Amino acid sequence: MKNSKIAITALSVLYGLGLAASVDAAPSNKTSANGVIQQVDLTTIKKRNHTVPNSLNRIKTMLGARNQLINNASAKSKFAQVEPHDGKRAYIIQLKDQPIATYTGNIKGLPATARSTIANELTAKQGNVKRARSNSPAANAKTIDQIQQTRTQAYKTYLTSKKQLVLNNVRAKGGDDKVRADYFSSLNGMSLNLTYNEALNLAEMKEVKLVQPSRMLQLHTDTGPQFIGADKVWAGQTSTDVGYKGEGIIVGIIDTGINSDHVAFADIGGDGYDHTNPLGTGVYLGDCADGTVQCNDKLIGVYSWPVITDTYGDLAPATGEDYQGHGSHTAGTAAGNYVENVPLLSASLGDGDGVEKGYTFASTSGVAPHANIISYQACELAGCPEEALVLALEQAIEDGVDVINFSIGGGEPFPWEDATELAMLAAREAGISIAVSAGNAGGDDNNTYFASLSHSAPWSMVVAASTHDRVIDVNNSILTLSGGLNVPWIDVNPDADWPDGIAGYSTTGIENGTPVVAVDYGDELCLNPFAEGTFTSDQIVICKRGENARVSKAYNVMAGGAGGFILYNDLYNWEGTEQELGLIDDTFPLPGLHVGRSTGESIISWINDGGEDHKMSISAGSVDVFQDDSAADILAGFSSLGPSTTFKHHMSPNISAPKVLIF
C-alpha cells in the first residue's frame, strides 16, 4: 500500500497544478512539430532579469547545519533588496533560531522538535546505529507525534521570548509592534508593518536573520487522470497489486479558497465512495470549526486569514470560500470526486454556477478522488501576499497534511533565504510532499525565455506545463450580413492562425435577424435591462462597450425581448490597452458576438445606408472533443524554463505534467 500511496500522491499533486488560465496557450518553438524537445542554441538564450541575493558574498547558515564557518552578517546583507518607499508595508522578519519543524536540538535544555531528528533518536536507542532511518519500526509516526508535541511547547516559549526582544526594539523606536502574522513551525519569525528605515534598522539586531518585504506572488492560472496513468494506480496495476485512489491521504490546497458546496468536494462521490474523516466524525478545521463554512468527511478544513478577507470589504463574506475560482480548480484536479455527466461551462455573472457551452463530459475525476482535502485561502483577487502564503504553510504543517499543491509564483528567489521557500523546506522536513508550478514566464509565439523559473528549491517538486491527448475544439459563432446598398467587409476567418475580427460564443443562433442600434432606444451602452417588449425576437441589438460587464449588456437586451446581440468596442485600436481593445470569446445567453470599434461603426453605417432588407445571421457555436495522440506531451510555450539563476547545479523543472486545457 505504501508504494501506491506514494504514486497517487505524486500524480495528484503534479496534475493538480493544472491551471485554467493557460487553456489557450500554444506550444512554443522549443519543440518540433511532433512535440519532441529540441536541442537549444545556448548562445541565443534570452534571459529574464532576476534580483540577485545581496548576501551571496557570505557563507550561509543552512537549516539544521552544524560545524560551519559563518561570517558576521551586516544589517545591509540581512535586508533583502527593496527600493526605498514611502509609508509602511508588510515585511517578513526571520529570526536566527530554527522553526519547530526543523529544530535539531542544538540549544541546551531544549530537545529537538524536528521529526527526522526524533526518529533518529528513537532508532539509535533501539539499534545504536550511526545513521538511523525514519522508517524503522521503532520510529513510528504515532510515537514521533507524541514526543514532538511534548517538546514543542517549551521550544515555542523560547522562540516567543526571542520575538519579544525584537518587538520591544520596534516599540522603543516608535514603530508599530502589532504582529500581522506569527510563524513558529514553518519559519521562526513574524510579519510587521514597517517603514523602509524601520525595516533596515530591525536588520541590525543580532536576533534577526533576514528582513524581506512580503511580495505579492501570482496564481499560475475528464480524461486527464487516465492520460498520466492514474487509472492504473486506481486499478492496482502497481508492484503491490492493490488498487488505490487516495484513501487516507490529506491534500492541502494553498490557493484562493474552495467552493465548499461543489459536488466535487461532497462527502459521497459519484462512484458511491463514502469518505472517512481522519480527524473524527464532526471534527473540522478553520472556518468549518465554528460553522462559518460547511465541511464534510471529504472537505475537512477551510482556512482564511484577515490579511486576505479584509481585502473583500463589503463585496463578500470574510470566509475561505473561493471568489476567484483558481483554488477550486486546482483542488478538483488534484483530489476532486468522481462525477458523472459534467457540463462544459464558461464564466457566469455574480455567484452563478457557470453558463453551459453545449457539451457534457461523461465523467470527470481528480487524480486522487478518495483523498481528503484541506483548503488554505492565501490568495486574493490581486494575488498572493507572501505573509499569507507562509501562514498557510505554517498551518498545513500543524494540520499534518500529506501533500501540498502550490500553483503560485513570481520571480525566482534565492531559496536558502526566501521566507516562502524556507517554509516549504520546513514542511518537507515535517514529512510533507510539495509540488510547485515552474511558472508561466517561458515565452510566447515569438520569444523563448530561459532562466524564467518561479521556483528552483531542491526540496520541492517543480512541475513544468505540457499538453495531453484530449483535444477540446471550440467553434465560435459566425456573423454574416446581407441586404442594404453595400455590405461591409468583416474579417471572419475561424481557421486562421491569427485572430480574426469577431469573437464570442452562444449555443443557439439566429437567421436573417433585423439589426437595430441600442442608442436609438436611449441606452447606447446597454447599461440597464430594457423593458419587456422593447424588442422583438427577430431583432439583433447593437451595443457599445463600456462601464458595465460585457455579458451584462447581453442580458439587458435579452430582458427587452431581443433575439440577438452585437457588442462593439468603444475605443479605436490606437487608443487603448490590449485588455481594453481585446475581442473576448465570452459565452452569451443569446446569439451574440463581439467586434472592434471600426467593424461596429461599419455595421452601423451599413444599417443607415438608405438601402433595404438589412439582415444579420449569427450561427450557433459548437464543441468537439476528441483524442489526438500527436497533441500529447508537448511542452507549453508559456511554461517557465531553467536553468536556475541561484544554483547552477540543480536541474529544474524536475518533471512536466498536463497543464494546458485542463477542465
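The values are calculated or read from the model by the stated rules, or taken from the named source; none is laboratory data. Values in this document were obtained by computation on a predicted structure and should not be read as measured data. Neighbour counts are summed over all protein chains in view; Cβ atoms, including those assigned to glycine, are modelled from backbone coordinates with ideal geometry. Accessible surface areas use protein heavy atoms only, side chains included; no ligands, DNA or RNA. Shrake-Rupley method; radii C 1.70, N 1.55, O 1.52, S 1.80 Å.
Figures for the structure shown
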{"item": "In the stretch 206-220, the residues that are buried (at least 18 other Cβ atoms within 10 Å of the Cβ) and assigned to a loop (DSSP other than H, G, I, E, B)", "result": "Ser214, Arg215, His220"}
{"item": "Failed item, numbered, when Lys88 is tested on (1) modelled with pLDDT of 90 or more; (2) crowded, with 20+ Cβ neighbours inside 10 Å", "result": "(2)"}
{"item": "Flag for Asn493 being touching a Phe, Trp or Tyr at 6+ places or on another chain (Cβ under 7 Å), open to solvent by 30 Å² or more (accessible area, probe 1.4 Å) and either among the hydroxyl-bearing types (Ser, Thr, Tyr) or at pLDDT below 80 (or both)", "result": "no"}
{"item": "Boolean, Asn573 is open to solvent by 50 Å² or more (accessible area, probe 1.4 Å), touching a helix residue (DSSP H, G or I) at 6+ places or on another chain (Cβ under 7 Å) and of a type in the set (S, T, N, Q)", "result": "yes"}
{"item": "Flag if Ser622 is at pLDDT below 90, hydroxyl-bearing (Ser, Thr, Tyr) and under 21 Å from Val355 (Cα atoms)", "result": "yes"}
{"item": "Scan of the stretch 462-481 for residues that are modelled with pLDDT of 80 or more and not in a loop (DSSP other than H, G, I, E, B), ordered by number", "result": "Val474, Asn475, Leu479, Thr480, Leu481"}
{"item": "Test: residue in the stretch 346-359 that is farther than 23 Å from Val462 by Cα, at pLDDT 85 or above and not aromatic (Phe, Trp, Tyr)", "result": "no"}
{"item": "Extreme residue, modelled with the highest pLDDT, among residues of the stretch 169-195 that are of a type outside the set (Gly, Ala, Ser), open to solvent by 60 Å² or more (accessible area, probe 1.4 Å) and not in a loop (DSSP other than H, G, I, E, B)", "result": "Asp182"}
{"item": "Close pairs (7 angstrom Cβ cut-off, 6 or more residues apart or separate chains): part of a loop (DSSP other than H, G, I, E, B) in the stretch 304-328, of a type in the set (Phe, Trp, Tyr) and surrounded by 22 or more Cβ atoms within 10 Å (Cβ to Cβ) anywhere", "result": "Gly320/Tyr303"}
{"item": "Selection count where residues are open to solvent by 50 Å² or more (accessible area, probe 1.4 Å) and out of contact with any Cys (no Cβ under 8 Å at 6 or more places or on another chain), scope the stretch 314-340", "result": "7"}
{"item": "Contacts under 6 angstrom Cβ, first residue in the stretch 375-392 being more than 21 Å from Tyr284 (Cα to Cα), partner part of a strand (DSSP E or B) and among the aromatic types (Phe, Trp, Tyr), 6 or more apart", "result": "Val390/Tyr183"}
{"item": "Residue among Asn341, Asn296 that is over 18 Å from Ile254 (Cα atoms), in a strand (DSSP E or B) and of a type in the set (S, T, N, Q)", "result": "Asn341"}
{"item": "Inter-residue pairs, beta-carbon under 6 Å, first over 12 Å from Arg151 (Cα atoms) and in the stretch 110-122, second open to solvent by 40 Å² or more (accessible area, probe 1.4 Å), 6+ apart", "result": "Ser116/Ser134; Ala119/Ser134"}
{"item": "The stretch 353-409 - residue that is hydroxyl-bearing (Ser, Thr, Tyr) and not in a strand (DSSP E or B) and, of those, most open to solvent (accessible area, probe 1.4 Å)", "result": "Ser365"}
{"item": "Sole residue being open to solvent by 60 Å² or more (accessible area, probe 1.4 Å) and either part of a helix (DSSP H, G or I) or modelled with pLDDT of 95 or more (or both), chosen from Leu165, Leu159, Leu200", "result": "Leu165"}
{"item": "Of all residues in the stretch 360-383 being at pLDDT below 85 and more than 18 Å from the chain's Cα centre (by Cα), the one that is farthest from Leu315 (Cα to Cα)", "result": "Ala362"}
{"item": "Some residue of the stretch 511-522 being part of a loop (DSSP other than H, G, I, E, B), small (Gly, Ala, Ser) and either at pLDDT below 90 or buried (at least 20 other Cβ atoms within 10 Å of the Cβ) (or both)", "result": "no"}
